[in-house]
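Every read-out reported here was derived from the displayed coordinates using simple, explicitly stated rules and does not represent laboratory data. These figures come from a predicted structure and were not determined experimentally. Here the Cβ positions follow ideal geometry from the backbone for every residue, glycine too, while neighbour counts run over all protein chains shown.
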Amino acid sequence: MIIILKPGVSEAQALELVGKIEATGLKPLYMPGVERTVLGAIGDERVLQGLHLDSDPRVDEIKPILSKYKLVSRELNPVDSHVMLGKHAVGGDRFTVIAGPCGVESRDQLLGVAEMVKGQGVAALRGGAFKPRTSPYSFQGLGEEGLKLLKEANQLTGLPTVSEVVDAADAELMANYVDCLQIGARNMQNFRLLEAVGRLGLPVLLKRGMSATLEELLLAAEYIVNAGNNQVILCERGIRTFETATRNTLDLNAVAYLKRKTHLPVLVDPSHGTGVRELIAPLSYASAAVGADGIIVEAHLNPCEALSDGHQALDADQFAGLMAGLRPFVEAAGKQL
Ligand code: PEP
Ligand code: MN
């Protein structure tokens, strides 16, 4: 339920109402605005009736939140939220580029890519230390050693880092080394993992499951926010369809839809979305045009030698070309790189 207070209601009066909502066992939300304060009450709304808010002189309007997801909905919070990656704010009028290798493979590899993408002005460095691989015989990532290299890359370049957490038991360890935890497509509905990163409070990049609906994605984000962490970025990374020409089908409908339904920032991953190096630039431009808040892209100094996803990694020249081509699309969409 959204409770819109009348203009001029003081902070103390609003907080008194927050206390009443909390006493019913509902989760209260307090959102002071420039003109008026909005309160939220999340949970079984029938108990609200006992508070007779509709006849409270401080209350202007009470509206139900119709969607199943509440905290992440635009109905509750119409203003775009920002998520901090280090000092960089993702969301609003910024277009964020996160880039780096699929997996952290070695010190030279990671530091080389980090310098390369930093030179192109990216906001953050990506790199998996724990890799969720389809085959148990494929490169599984360097584990904690990879996290240490990410920390070193952060110290040397100043770039905040993003890395995938595949197990709730690793979440706290990872928080010592990286700035943002990625939840991968294969774990989007690992609810215990969502709650664990929710309790931790570190920014989370939540990828859409490869056969997840947008409502399921938003409810997965709701788990994280409901556990106490509002620093959530959504990521469209392609879904499984009948089409086999590309690795996945990048669902750009999702971006336009999500931007209407949630205040959370929405990124696109054209690397996993297409799986085809040559398609990454055009789909990045399309992502900017459709209103995405940024992209996350795989890059490697020597893609032929990459231990994972080399076929979809951009080399230095290709990455520079992508960044140069992106600017007019970002500006046309009213955002800044
Ligand atoms: C990745 O980012 O390298 C990755 C495994 O992504 P996804 O979970 O989208 O497949
Ligand atoms: Mn990858």
### Pair ARG192, SER138: separation of 7 Å Cα→Cβ label points (nm)
2.5
### Task
Set the Förster radius R0 to 41 Å, insert the Cβ-Cβ distance between GLN49 and ARG327 as r into 1/(1 + (r/R0)^6), and round the FRET efficiency to 0.05.
0.15
## Note on the structure
One checks the Cα atoms of the range 111-222 and finds Rg and Dmax, in Å, of 14.3, 40
### Task
Determine by what factor the alpha-carbon radius of gyration of the range 282-322 differs from 2.2 N^0.38 Å, reporting the quotient.
1.28
### Query
Between GLN318 and GLU22, what is the FRET efficiency for a Förster distance of 51 Å, r being their Cβ-Cβ separation, to the nearest 0.05?
0.45
## Note on the structure
Amide H proximity to ILE239 below 5 Å, modelled H, separation 5+ or other chain, gives THR249, LEU250, ASP251
## Note on the structure
The correct pair for the range 193-332, radius of gyration to one decimal and Dmax as a whole number, both in Å and from Cα atoms, is 15.5, 43
#### Entry: Ranked PHE319, PHE130, PHE191, PHE242, criterion: other C-beta atoms within 10 Å, fewest first
PHE242, PHE191, PHE130, PHE319
## Note on the structure
Cα-Cα longer than 25 Å, checked against LYS68/LYS207; LYS68/LYS335; LYS27/LYS335; LYS6/LYS63; LYS131/LYS207; LYS87/LYS118, kept in input order, equals LYS68/LYS335; LYS27/LYS335
### Message
Can you work out the Karplus-derived ³J(HN,Hα) for every residue in the range 258-274? Use 6.51 cos²θ - 1.76 cosθ + 1.60 with θ = phi - 60°, whole Hz, and x for glycine or proline.
### Response
4, 4, 7, 9, 9, 8, 6, x, 10, 9, 10, 10, x, 5, 6, x, 10
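Which translational diffusion coefficient, to the nearest whole µm²/s, is obtained for the range 2-63 from the Stokes-Einstein equation, given a Kirkwood hydrodynamic radius over C-alpha pairs, 4 °C and 1.567 mPa s?
Using the Kirkwood radius from Cα pairs, D works out to 114 µm²/s.
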### Query
How long is the gain from MET84 to ALA256 if the chain were fully straight, where each residue apart is worth 0.36 nm and the alpha carbon distance is subtracted?
59.7 nm
### Summary
In cubic angstrom per residue, the convex hull of the chain built on its Cα atoms measures 137
### Extended-chain gain in nm, criterion 0.36 nm per residue less alpha-carbon gap, SER106 and HIS311
71.9 nm
### J(HN,Hα) series, the range 235-247, from Karplus relation 6.51 cos²θ - 1.76 cosθ + 1.60, nearest Hz, glycine and proline x
9, 7, 10, x, 10, 7, 10, 5, 6, 10, 5, 10, 4
#### Entry: Likely footprinting exposure, HIS311, HIS272, fewest C-beta neighbours within 10 Å first
HIS311, HIS272
### Query
What percent antiparallel are the DSSP beta bridges of the chain, to the nearest 5?
40
## Note on the structure
Applied in sequence order to the range 157-173, the curve 6.51 cos²θ - 1.76 cosθ + 1.60 (Karplus, θ = phi - 60°) yields integer Hz couplings, x standing for Gly and Pro, of 9, x, 6, x, 10, 10, 8, 7, 9, 10, 9, 4, 5, 8, 4, 5, 4
